[in-house]
Amino acid sequence: MHIKIYFDTKPVFLCTELTPELTEILHHPDAVFIDEFSVNAIKSLLHEIIKPQFHAGVVLHTNLNELKKTFFKNFTQIEASGGIVENEKHQLLFIERLGVWDLPKGKIEKGEKEEEAASREIEEETGVKNLTLKNKIGETYHTYNAFGKNFIKTTHWFYLICKNDQQLTPQTEENITAIQWVHKNELDIQLSNTYPSIKDILSSFYKS
C-alpha cells in the first residue's frame, strides 16, 4: 500500500512495501529513499525536496497510518472534496482555473460530509444541478505554501452523473474562466495542461 503526495509536480510516496514501480523510481540518481521511521529522517527528506534536482522520494514503513500521521504533522492540513462529473453523452466536466484545466473541487466546510462538499462545490463552481452521486473514487494529496505556512491538502474525489443541457456558469470569484464538457475519450488537450494529481484520479476513475 502507498499514498502519493505531490510537492508541485514532484512526488513523495509513503509506502509499506517497495513495488516494481517504486523500485524503478529509486533507480533515478536524484531520488531519495528513507526506511528509517523518525522525525529527523522525515525532516531530512523535506529539506531535500526543495532542491531543484530532487526527483522523487520514497518513505518505507510497516504501518502506513502511523507514517502518514507523522509525515502530515509537518503541515497545516486542509480537507477538500471534488468530483468527476459525467453527463448522458459520456462527457466529463472540466474547469479552467488560472490557465490550467482542472476538476471542480473545494474545501469541506465544518460539519459537512465529504460527498456533500463535493456536490456543493461542483454546483457553486460550474452551475451544474441535480447531481447524482455514484461512488467515491479515492483521494489525492498535494502541498503548497501560503501566508508563510506549509499546507498539505487531501482531496476526496467522487464520481457523479447528471443530465445533459445544463447551463454552465463559471464561478469567477474563484478564478474560473471557462467550463467545458469533454468526451472521456478525447481528453488530450485537458491532460496536456493539468496537474499530476488530476491525471492520477482520472486514471483511477478509468480503472474502477
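The values are calculated or read from the model by the stated rules, or taken from the named source; none is laboratory data. Quick caveat, the model's predicted, so the values are computed rather than measured. No Cβ is skipped: glycine too gets one built from the backbone with ideal geometry, and neighbour counts run over all protein chains shown.
Part of a strand (DSSP E or B) and under 19 Å from GLU139 (Cα atoms): which single residue out of VAL58, VAL32 fits that description? First the steps, then the outcome.
Values: VAL32 fails: under 19 Å from GLU139 (Cα atoms).
Of the residues listed, the single one that is part of a strand (DSSP E or B) and under 19 Å from GLU139 (Cα atoms) is VAL58.
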Problem set entry | Selection count where residues are touching a residue at least 60 places away in the same chain (Cβ under 8 Å) and surrounded by fewer than 19 Cβ atoms within 10 Å (Cβ to Cβ), scope the stretch 41-85 | 9
Problem set entry | Candidate set: the stretch 175-190, residues that are loosely packed, with under 14 Cβ neighbours inside 10 Å and out of contact with any Asp or Glu (no Cβ under 6 Å at 6 or more places or on another chain); chosen: the one nearest to GLU96 (Cα to Cα) | ASN175
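Quick one: count up the residues across the stretch 174-208 that are assigned to a loop (DSSP other than H, G, I, E, B) and either in contact with a Pro (Cβ under 6 Å, 6 or more places away or on another chain) or closer than 19 Å to ILE122 by Cβ (or both).
Kept after step one, since they are assigned to a loop (DSSP other than H, G, I, E, B), are these residues of the stretch 174-208: 175, 184-187, 192-195, 208.
Pick out the ones that are also either in contact with a Pro (Cβ under 6 Å, 6 or more places away or on another chain) or closer than 19 Å to ILE122 by Cβ (or both) and you get 175, 184, 187, 194-195, 208.
Summing the residues that are assigned to a loop (DSSP other than H, G, I, E, B) and either in contact with a Pro (Cβ under 6 Å, 6 or more places away or on another chain) or closer than 19 Å to ILE122 by Cβ (or both) in the stretch 174-208 gives 6.
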For this session: Out of ILE152, ILE179, ILE201, report the one residue that is hydrophobic (A, V, I, L, M, F, W, C), in contact with a helix residue (DSSP H, G or I) (Cβ under 9 Å, 6 or more places away or on another chain) and under 30 Å from HIS47 (Cα atoms).
Result: ILE152
Exercise. Quick one: would you say GLU109 is within 30 Å of LEU131 (Cα to Cα), part of a loop (DSSP other than H, G, I, E, B) and touching a Lys or Arg at 6+ places or on another chain (Cβ under 7 Å)?
Worked result: no
Exercise. Taking SER204, is it of a type in the set (Gly, Ala, Ser), surrounded by 12 or more Cβ atoms within 10 Å (Cβ to Cβ) and modelled with pLDDT under 95?
Worked result: yes
